[in-house]
Amino acid sequence: MSSPANANVGAAYDFIALNYDVLMQPDMRVRKALWRHYARIFRAGARVLDFGCGTGTDAVYLAGRGIHVIGIDASPLMISEARRKAADERLAIDARVGGLADLRHLASESLDGIVSAFAALNTVPDLSDFAVEAHRLLRPGGRLVGHFLAPAGVWETLECIAQGHWNEAWDRRRCREKIIEVCGEPVTHSLLLPRETYNRFFADCFKLARLYSLGFLWPQKWDGIVPAVIASCGNRVEAFAGRARPFSEWGRFFVLDLERR
């Protein structure tokens with residue numbers, strides 16, 4: 001998650017590493033949608049890199065399915081938590097402190113998949129560099145599944161409109177860069193639309209296998225009160241309906257599933 005523009009992001013996330021899983025709990029519905037996607041395309045024995053792995057929540061899920069996982073994150077304390085979780089679950093996860101530059105130490109065409117979730121890729125200033133490295137690391141036909149923070153979604157926009165803040169709603173919707181403070185450290189996030197992200201950074205190296213939006217059926221604050229059965233059905237609806245406009249541009253997040261050319 002580190003980059004020249006976000007040089008201290010690893011240290012910033014160190015401050016919230018011990019509470020990170022609690023902070024992320026409201027988005028567990030979205031994470032479960034990603035897990036369903038991972039389970040569909042990665043089989044036991046596959047070798048998968050989790051870039052920006054945080055405390056290892058996705059890495060533990062993948063390793064529990066018999067997948068060989070390398071986790072990399074700029075925060076040493078996040079990696080420490082990932083290692084602790086792996087030890088508790090008796091899973092062999094290769095968790096490393098590092099960022100984009102450290103991918104160069106991995107062997108070419110050595111991976112079956114790369115995943116990156118919850119805005120790690122939004123903090124990379126030039127995704128073209130990441131795309132080149134991902135292409136080098138993946139075997140032909142390997143998959144890159146990127147889960148991105150989107151521009152202001154439909155519910156955030158409607159909330160502004162309901163309050164009579166029409167100009168603010170328009171400005172938020174058009175915003176393509178946002179600075180989010182993490183324990184006082186400014187972290188710049190690029191906020192592009194799904195097809196804009198694919199066409200600008202990934203089209204030369206990857207075929208688009210699937211694109212869909214998440215988090216557009218109801219406001220985020222409802223996730224804690226919607227029954228689990230309805231939430232699970234909602235995940236499936238979003239993964240299907242979220243492929244097509246306008247829904248693909250309405251969510252809080254979007255997913256690009258890319259196949260290496």
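A few comments on the model shown:
- The single condition from (1) assigned to a helix (DSSP H, G or I); (2) more than 30 Å from LEU18 (Cβ to Cβ) that GLU109 fails is (1).
- Matching residues, the range 71-97, being under 21 Å from GLU133 (Cα atoms) and surrounded by fewer than 20 Cβ atoms within 10 Å (Cβ to Cβ): ASP94, ARG96, VAL97
- Residue count for the range 79-91, restricted to those that are basic (Lys, Arg) and part of a loop (DSSP other than H, G, I, E, B): 1.
- Only residues that are in contact with a strand residue (DSSP E or B) (Cβ under 6 Å, 6 or more places away or on another chain) and touching a residue at least 60 places away in the same chain (Cβ under 8 Å) were counted in the range 227-249, giving 2.
- Qualifying residue in the range 78-91 (condition: within 19 Å of the chain's Cα centre (by Cα) and of a type in the set (S, T, N, Q)): no
- Residues that are farther than 19 Å from PHE202 by Cβ, in contact with a His (Cβ under 8 Å, 6 or more places away or on another chain) and among the β-branched types (Val, Ile, Thr) were ranked within the range 137-187; the one that is surrounded by the most Cβ atoms within 10 Å (Cβ to Cβ) is ILE180.
- Complete set of residues in the range 234-253 that are outside any helix (DSSP H, G or I), more than 14 Å from GLN220 (Cα to Cα) and hydrophobic (A, V, I, L, M, F, W, C): ALA244
Quick note: the coordinates plus some simple rules give every number you see, no bench work behind them. Treat the numbers as computed from the prediction; the structure is a model and nothing was measured. In this analysis, Cβ positions are derived from the backbone assuming ideal geometry, glycine residues included, and neighbour counts consider all displayed protein chains.
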